[in-house]
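The structure under discussion appears below in the form of structure tokens.
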Amino acid sequence: MGGKVRLALIPVLLVIATGAQAQGDAEDAFRRGDYRAARAGYESMLARDSNNVRALYRLAIMDSWDGALDRSLARFARLRRLEPRDPDIMVAHARVLAWAGKQGAALALYDSALVIAPRRADALAGRARTVAWSGDLDRAERLWREALAIYPDDPEIAVGMAQTLLWRGQPALAESYAARARRLAPEDKSARDVLDLIRAALAPEIASRADYLHDSDRNGLFTHQASYSASLGAGVRGTLFGSWRRATDPLRAGGSYSAGARIAAPLGGSVVARAGLGAHIMAPDSAGPHTTIAPELGMGVRLGRATAFSAAWRRSFFDETALLLRRRLTISSLDFDLELSPAPRVSVSLGGGPAWVSGNRRIAGVGAIMIAAAPGLEIGGLARGFGYEQPNPGLGYFAPDFFGVVEGRARYGHRWGPWGVRADGGLGAQQVGKGSSKQTAWHAGLALTRAWHATNEVTLSGSLTNSAASSATGAYRSWTVGLQWRQAL
């Protein structure tokens, strides 16, 4: 009888030994960073035991790293049913909830973990970070300070404090915390990146951009813009700027010049105000120069980690073509923009507002939605339209009673070391004037970037489109090339 029992136990022991070996192999692969082998091992473990906590935990973490947040959260939901009070699982689950934009659920779970382990460092850091992402920077700063009082030498907490202070418009104070994190963890990438961004925000910067546009109406436009910006203390940033434009067509040519200064200053924890004043000079070749004052006012509000609103008002000359350089037309515009991410991997942009061109009012609006479909690839759509109160006034600019475009678009970006490439394209339909027939609309663009340090980069770009946004010609085409350079000093 005893021999039969021992024989019956052999298959059971073999299964246990095989499972233990599989878990050991998967854990070894995970620790050395071979995540493909680790995933295969953990999936094999789940095939034998669908409630294997270790396999579910590791797979949920790897899913979140891969951006598969829905699948990760589904695994964590199963884990929480199996181990409802495991603080490791609770903190990891809360972190993924925050990444997925579910800040309320993440905060509740961090609070629950802190009831079980009140001094747990990663839970304290996760709670403060989630509060910052939700837009409550005042409370986030208090939570970071409370965590630092317990763990003054924790690099993750120091980095979080630095990020929050940077968002609050206090880069000088943020730099001290980021530098501390770098001393505590010299190889930590997040500490290095945050410190680079803060020092770039504090450092003076020179920027230059040159563009040339040519269209099928035989208009040519060369534009060169340059600026110098520097920190003025207390989060205030000052900028000196200037530009030169040279416009030509088959009959005429001319230039325009602008120069001025603007400042940006934080107002409270999440609001930045901007104000500028400049002069704009129109100098057509066939007439004397004309000058106007060019003021601007603006405000930006950070409403959350991925939500921001801005409004801006500007006034200057209308100088898009050589003909307009002779018309002395002024344009005042009021623009509103909203950027948000209502779901993971989804970004939405909304904008628009009125403009007045020497008494003729224009109303414009644009909306776009893009979805991250694969690493580096986004697909989505865009709708844009505008119309003038007095259509086609005969003053030399494109003024239809209605212009609209609806298109599907795709964007791809990839970086390898200091190099980056970005490509975008769109295809859809456009309409020029109420009651007119639809036309095909398309555009394509390509940019190559060489970067160094946090913000220093040079970018060469080009685009081609048939959008009739500046001409009523049925077979309209335009192309642009541009070169942009930014250098922190």
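Since every read-out is calculated from the coordinates, none of them should be taken as a lab result. Note that this is a predicted model, so its numbers are computed, not measured. Please note: Cβ atoms are built from the backbone with ideal geometry, for glycine as well, and neighbour counts cover all protein chains shown.
Residues TRP485, TRP452 in ascending order of nearby Cβ atoms (within 10 Å, fewest first): TRP452, TRP485. Choose one of LEU489, ILE263, THR465: the residue whose Cα lies farthest towards the positive end of the charge dipole of the chain (beta-carbon charges +1 Lys, Arg; -1 Asp, Glu; about the Cα centre). Positive-end residue among those listed: THR465. In order along the stretch 146-163, phi translates into HN-Hα couplings of 4, 5, 5, 5, 8, 10, x, 10, 8, x, 5, 5, 5, 5, x, 4, 5, 4 Hz, rounded to whole numbers, per the Karplus curve 6.51 cos²θ - 1.76 cosθ + 1.60 with θ = phi - 60° and x for Gly and Pro.
Each listed q (0.11, 0.12, 0.22, 0.26 Å⁻¹) maps to a log10 I(q)/I(0) for the stretch 124-201 from the Debye sum over equal C-alpha point scatterers, namely -0.22, -0.26, -0.91, -1.23.
Can you give the calculated 222 nm mean residue ellipticity of the chain, where each DSSP H run of n ≥ 4 adds -39,500 (n - 2.57) and the sum is split over every residue, rounded to the nearest 500 deg cm²/dmol?
Here the helix-only value at 222 nm equals -11000 deg cm²/dmol.
Around the amide H of GLY433, modelled in the peptide plane, lie the amide H atoms of PHE402, PHE403, GLY404, all under 5 Å away and 5 or more residues distant in sequence or on another chain. Here the relative contact order of the chain, from alpha carbon pairs under 8 Å that lie six or more residues apart, stands at 8 percent.
Remark: the stretch 374-445 carries a charge dipole of roughly 220 debye about the Cα centre, counting +1 on each Lys and Arg Cβ and -1 on each Asp and Glu Cβ.
Taking trypsin sites (Lys or Arg not before Pro) across the stretch 414-489, the ones in a DSSP loop with at most 12 further Cβ atoms lying within 10 angstrom of their Cβ are LYS434. By definition, a body whose alpha carbon gyration tensor gives a ≥ b ≥ c is oblate when a/c is 1.5 or more and a/b is not larger than b/c, and the stretch 39-112 fits this oblate description.
Positive end of the dipole of the chain (Cβ unit charges, origin at the Cα centre): among ILE371, TRP356, LEU325, the Cα lying farthest that way belongs to ILE371. About its Cα centre, the dipole of the chain is roughly 300 debye, where the only charges are +1 on Lys and Arg Cβ and -1 on Asp and Glu Cβ.
Think of each Lys and Arg Cβ as +1 and each Asp and Glu Cβ as -1; about the Cα centre, that makes the dipole of the stretch 23-202 roughly 220 debye. Loop-located GluC sites (Glu not before Pro) in the stretch 118-209 (DSSP state not H, G, I, E or B) with no more than 10 neighbouring Cβ atoms inside 10 Å: GLU187.
Considering only the Cα atoms of the stretch 23-202, their convex hull presents on average a projected area of 10.6 nm². Loop-located trypsin sites (Lys or Arg not before Pro) in the stretch 56-145 (DSSP state not H, G, I, E or B) with no more than 11 neighbouring Cβ atoms inside 10 Å: ARG85, ARG119.
Taking every C-alpha pair closer than 8 Å and separated by at least 6 residues, the mean separation divided by the residue count of the stretch 11-159 gives a relative contact order of 11 percent.
Relative to the longest principal axis of the Cα atoms of the chain, the long axis of helix 69-82 lies at roughly 30 degrees.
Taking 37 °C and 0.692 mPa s as conditions, the chain diffuses translationally at an estimated 123 µm²/s according to Stokes-Einstein applied to its Kirkwood radius (Cα pairs).
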